[in-house]
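Have a look at the structure below, then the notes.
The values are calculated or read from the model by the stated rules, or taken from the named source; none is laboratory data. Treat the numbers as computed from the prediction; the structure is a model and nothing was measured. Please note: Cβ atoms are built from the backbone with ideal geometry, for glycine as well, and neighbour counts cover all protein chains shown.
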Amino acid sequence: MVSLFKERTSAGVFRLITLSIIVHIHFFVSAPTVIIDAQQPIMLALLEPIAKLPAIIIALLFHIIIIIQALRLNYILGNNRLFPNTNFTTAMCYILFTGLLPIWANISAALIINIFIIWIIDLLTKLYNTQKAGKSVFNIGLLTGLSILLVPASAPLAIIVLLAILILRPFKVNELFIYMIGCLLPYYFLSAGLYYFYTIHLLPNYLPHFSLHIPSFNSESSFITMTISVLALSFLGFIYLQNNIGKLVIMARKCWIIITILFIFLAPIPLFIKDANWPIDLFVITAAAALAANLFYYNKNKIFLSILFWLLIFINWFNSFDIIHYLKAIPSK
């Protein structure tokens, strides 16, 4: 089955659509919802109209968003030679990961911010060969600032993107200032608007607050299987990447370093950002899918990959239908 996603054919898009339906087959029983967080004022205003749509439209919209995100991420990695040949394994992993935690299978702020993260990755991959990088650095900073403004829990992006620019470009003070200006510009306009309407005291609501804590989760079994699956596949993918990274050009190697840093910094966000919870950790699947794709691309054992693929499908169904909950609800004789 996995070999179908290694092929470079137009049928790959249809296969991804089919995979998304299979992974989220529970939508026929329980439709996805729109997760709204009162701690995110701007995102609250954006998501409230979507929450009023019929359930079938929300489900269709969710499928459209994750398929587009998966294809876009897949295209960026393939177009920039992060894999020797074009394939759909990254998009496959992205869709599989969206079903590992039931609360991820909803339209949320994190799902929207993944659009910005993928966009930032795209701009970063183009930064390496850019002669005059000022405009690109500013756009990257602007997208980063917008992401943090919309969802303050995405604050680590500011550090990640700064490290990425330093990895891809020779250190230049002017580019550093351009990046900082881009990051702060959304907050400048926000502050101006709040000041104009005499509500500047609300500015702290749009800023990230750091606090060490462990968020609660609805299903312990779902959380454990999700954590093991994402960490194990990402780690194995990283090992296969290291074994084959010599086949890639320098730019591709640097991009993989950035994706690895992205994974390391985004994974523990719920533990360090105040009021952040596990839906926010959907950020991590962008980097995790890219890393895990190396396992499915470089491993030639078709039987092992098929077993792993269907195991992930089963885990998705197991968590989505919360089988443990139903087993506990059965009265013992």
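With respect to the conditions (1) free of Cβ contacts under 8 Å to residues at least 40 places away in the same chain; (2) surrounded by 15 or more Cβ atoms within 10 Å (Cβ to Cβ), LEU16 lacks only one, and its number is (1).
Each residue in the range 45-81 was checked for being surrounded by fewer than 16 Cβ atoms within 10 Å (Cβ to Cβ) and within 13 Å of the chain's Cα centre (by Cα), and 1 pass.
Checked against (1) free of Cβ contacts under 8 Å to residues at least 60 places away in the same chain; (2) surrounded by 18 or more Cβ atoms within 10 Å (Cβ to Cβ), ILE259 passes all but condition (1).
Among the conditions (1) among the hydroxyl-bearing types (Ser, Thr, Tyr); (2) under 28 Å from VAL34 (Cα atoms); (3) surrounded by fewer than 17 Cβ atoms within 10 Å (Cβ to Cβ), SER147 misses just one, which is (3). When we screen LEU190, LEU194 for residues that are surrounded by 15 or more Cβ atoms within 10 Å (Cβ to Cβ) and within 28 Å of ALA133 (Cα to Cα), the only hit is LEU190. Taken together, the residues in the range 24-52 that are over 28 Å from PHE318 (Cα atoms) and without any contact (Cβ under 8 Å) to a residue 12 or more places away in the chain amount to 5. For the range 252-269, the count of residues that are outside any helix (DSSP H, G or I), within 30 Å of ASN205 (Cβ to Cβ) and in contact with a helix residue (DSSP H, G or I) (Cβ under 6 Å, 6 or more places away or on another chain) is nonzero.
Per the listing TYR240, TYR198, the residue uniquely aromatic (Phe, Trp, Tyr) and modelled with pLDDT of 90 or more is TYR240. Yes or no: PHE272 closer than 23 Å to LEU124 by Cα, modelled with pLDDT under 90 and of a type outside the set (A, V, I, L, M)? The answer is no for PHE272. Restricting attention to the range 166-184 and to residues that are touching a helix residue (DSSP H, G or I) at 6+ places or on another chain (Cβ under 6 Å) and not hydroxyl-bearing (Ser, Thr, Tyr), the residue that is surrounded by the fewest Cβ atoms within 10 Å (Cβ to Cβ) turns out to be ILE167. Filtering the range 83-110 to residues that are touching a Leu at 6+ places or on another chain (Cβ under 7 Å), surrounded by fewer than 24 Cβ atoms within 10 Å (Cβ to Cβ) and part of a loop (DSSP other than H, G, I, E, B) leaves only PHE83.
Collect the residues in the range 1-13 that are within 20 Å of HIS63 (Cα to Cα), small (Gly, Ala, Ser) and touching a residue at least 60 places away in the same chain (Cβ under 8 Å), keeping them in residue-number order. Scanning the range 1-13 gives a single hit, GLY12. Cβ-Cβ distance below 7 Å, separation of 6 or more or different chains: which pairs start in the range 118-135 with a residue that is of a type outside the set (A, V, I, L, M, F, W, C) and end on one that is outside any helix (DSSP H, G or I) and surrounded by 14 or more Cβ atoms within 10 Å (Cβ to Cβ)? Here the result reads THR125/ASN80, each pair linking the range 118-135 to a residue that is outside any helix (DSSP H, G or I) and surrounded by 14 or more Cβ atoms within 10 Å (Cβ to Cβ). Please verify whether the range 289-300 includes one or more residues that are assigned to a helix (DSSP H, G or I), surrounded by fewer than 23 Cβ atoms within 10 Å (Cβ to Cβ) and either among the hydrophobic types (A, V, I, L, M, F, W, C) or at pLDDT below 90 (or both). No; the residues of the range 289-300 include none that is assigned to a helix (DSSP H, G or I), surrounded by fewer than 23 Cβ atoms within 10 Å (Cβ to Cβ) and either among the hydrophobic types (A, V, I, L, M, F, W, C) or at pLDDT below 90 (or both).
State the number of residues belonging to the range 160-184 that are more than 27 Å from the chain's Cα centre (by Cα) and assigned to a loop (DSSP other than H, G, I, E, B). Counting residues in the range 160-184 that are more than 27 Å from the chain's Cα centre (by Cα) and assigned to a loop (DSSP other than H, G, I, E, B) gives 3.
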